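The values are calculated or read from the model by the stated rules, or taken from the named source; none is laboratory data. Bear in mind the structure is a predicted one, so any value in this text is a computation, not a measurement. Ideal geometry is used to build each Cβ from the backbone, glycine not excepted, and the neighbour counts take in all protein chains shown.
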Amino acid sequence: MDSDFSQFLASRRSTRDFLPKTVPPEIIEQLLTDSLTAPSWSNTRPFKVAVATGEVRDRISNEFLSRWAALSKARNGNAFSKIKLFFTRHGLPTSNRRMTKPYVAELKPRAQRIGKELYSVLGVARGDVVNRDAQWARNYEFFGAPVELFIYIHKSLHIYAASDAGLMMENLMLSAHALGLGTCAQGAVGIWDDVVRREFEVSGDYRLLCGIAIGYPTDSPVNSFKAHRLDVSDLVLKLKN
Ligand SMILES: Cc1cc2nc3c(=O)[nH]c(=O)nc-3n(C[C@H](O)[C@H](O)[C@H](O)COP(=O)(O)O)c2cc1C
């Protein structure tokens, strides 16, 4: 049983290389309208979206790239660059610090697999930290996407706010896919929330969850990368004996 809808779902893949082609405002409006038809906890929709385009997008991207350069240098560099990072604090996470914790044993092989397979498509050899960090920096260029969304969730609803945001994001990403646009959810942009707050009015009740890059895909091989899918048997819990 493989309906057209199942095939449509399976054909959505993260886009990590975008054309410098503008997304018309009415299309962004349509994606946001579609995002709001997702289910939501008591219909509260405990999230807000910052839509970064044009000069705002570029300013945020430039600041992210500058911070990533400092952070990457400190991680891979000598004691002096580590001390510099510590004193200037330029590059240190200002939000979501816990994201950088190591994966637990159950999930680590999955994360390692996607990393290995994706970097192999990108031609980055295992252990090549310079090129790996350069590729990670593409996150801070939003992979060339002209539109970057920043997804904020209300802190009061805890896990349900993130769950609602996930549902909303999936609606939005599928709507984009149906219109021939590519998207990539980006946890990478969640670590310097202050940069986004400089540009948008964000209440202190909201926390940055992640970003979503939106635009028209190039024909780069990275956009044909097929991330591994779990088997249903890995998903379903076994009954107790
Ligand atoms: C919340 C969230 C954050 C993500 N963060 C990143 C990211 O920072 N950079 C990136 O390249 N991909 C990111 N991804 C994309 C995942 O790697 C991708 O969805 C996964 O490997 C499955 O591949 P697919 O989207 O092509 O089906 C993120 C996905 C989600 C849902």
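Checking residue 60 against (1) closer than 30 Å to residue 26 by Cα; (2) within 12 Å of the ligand (Cβ to nearest atom); (3) β-branched (Val, Ile, Thr), which test does it fail?
Failing condition for residue 60: (2).
When residue 49 is evaluated against the numbered criteria (1) in a loop (DSSP other than H, G, I, E, B); (2) of a type in the set (Val, Ile, Thr); (3) under 21 Å from residue 168 (Cα atoms); (4) in contact with a helix residue (DSSP H, G or I) (Cβ under 7 Å, 6 or more places away or on another chain), which criterion, by number, is the only one it fails?
(1)
Go through (1) surrounded by fewer than 17 Cβ atoms within 10 Å (Cβ to Cβ); (2) modelled with pLDDT of 95 or more; (3) more than 19 Å from the chain's Cα centre (by Cα) for residue 11 and report which single condition fails.
Looking at each condition in turn, residue 11 falls short on (3).
Search region 204-227 for residues being assigned to a loop (DSSP other than H, G, I, E, B) and either surrounded by 21 or more Cβ atoms within 10 Å (Cβ to Cβ) or touching a residue at least 40 places away in the same chain (Cβ under 8 Å) (or both), and hand back the single one that is farthest from the ligand (Cβ to nearest atom).
205
Do we have residue 147 as of a type in the set (Val, Ile, Thr), under 22 Å from residue 90 (Cα atoms), modelled with pLDDT of 95 or more and surrounded by 18 or more Cβ atoms within 10 Å (Cβ to Cβ) here?
On the way: of a type in the set (Val, Ile, Thr): yes; under 22 Å from residue 90 (Cα atoms): no; modelled with pLDDT of 95 or more: yes; surrounded by 18 or more Cβ atoms within 10 Å (Cβ to Cβ): yes.
In short, no.
Does residue 16 satisfy being within 13 Å of the ligand (Cβ to nearest atom), modelled with pLDDT of 95 or more and farther than 26 Å from residue 160 by Cα?
Values: within 13 Å of the ligand (Cβ to nearest atom): yes; modelled with pLDDT of 95 or more: yes; farther than 26 Å from residue 160 by Cα: yes.
Yes, satisfied.
Which one is nearest to residue 172 (Cα to Cα), of the residues in region 142-156 that are assigned to a helix (DSSP H, G or I) and more than 12 Å from the ligand (Cβ to nearest atom)?
144
Which one is farthest from the ligand (Cβ to nearest atom) among residues in region 181-197 that are touching a residue at least 60 places away in the same chain (Cβ under 8 Å) and under 21 Å from residue 89 (Cβ atoms)? Step through it out loud before you land on a result.
First pass over region 181-197, keeping only residues touching a residue at least 60 places away in the same chain (Cβ under 8 Å): 181-185, 187, 189-196.
Restricting the remaining residues to those that are under 21 Å from residue 89 (Cβ atoms) gives 189-196.
Details: 189: 7, 190: 8, 191: 10, 192: 13, 193: 15, 194: 18, 195: 15, 196: 15 Å.
Taking the candidates together, the pick is 194.
Can you work out which of the residues in region 160-180 that are of a type in the set (Gly, Ala, Ser) and away from the ligand (no atom under 11 Å from the Cβ) is surrounded by the fewest Cβ atoms within 10 Å (Cβ to Cβ)?
Filtering first and then ranking leaves 180.
Go through (1) modelled with pLDDT of 95 or more; (2) not in a helix (DSSP H, G or I) and name the single condition residue 125 misses.
Against the list (1) modelled with pLDDT of 95 or more; (2) not in a helix (DSSP H, G or I), residue 125 comes up short only on (1).
So is residue 66 among the hydroxyl-bearing types (Ser, Thr, Tyr) and either at positive phi or crowded, with 17+ Cβ neighbours inside 10 Å (or both) or not?
no
Among the candidates 149, 167, single out the residue that is in contact (Cβ under 8 Å) with a residue 12 or more places away in the chain and under 25 Å from residue 65 (Cβ atoms). Break it down stepwise before answering.
Numbers: 167 fails: under 25 Å from residue 65 (Cβ atoms).
Result of the check over 149, 167: 149.
May I ask you to verify whether residue 85 is touching a Leu at 6+ places or on another chain (Cβ under 9 Å) and within 22 Å of residue 148 (Cα to Cα)? Can you show your working first?
Working: touching a Leu at 6+ places or on another chain (Cβ under 9 Å): yes; within 22 Å of residue 148 (Cα to Cα): no.
Here the answer is no, as residue 85 does not meet what is asked.
Might you check whether a residue that is in contact (Cβ under 8 Å) with a residue 12 or more places away in the chain, under 27 Å from residue 131 (Cβ atoms), exposed (fewer than 15 other Cβ atoms within 10 Å of the Cβ) and not aromatic (Phe, Trp, Tyr) occurs anywhere in region 33-47?
So the first thing to find is which residues in region 33-47 are in contact (Cβ under 8 Å) with a residue 12 or more places away in the chain, and the list is 34-41, 44-47.
Filter once more, keeping what is under 27 Å from residue 131 (Cβ atoms): none.
No - not one qualifying residue is present in region 33-47.
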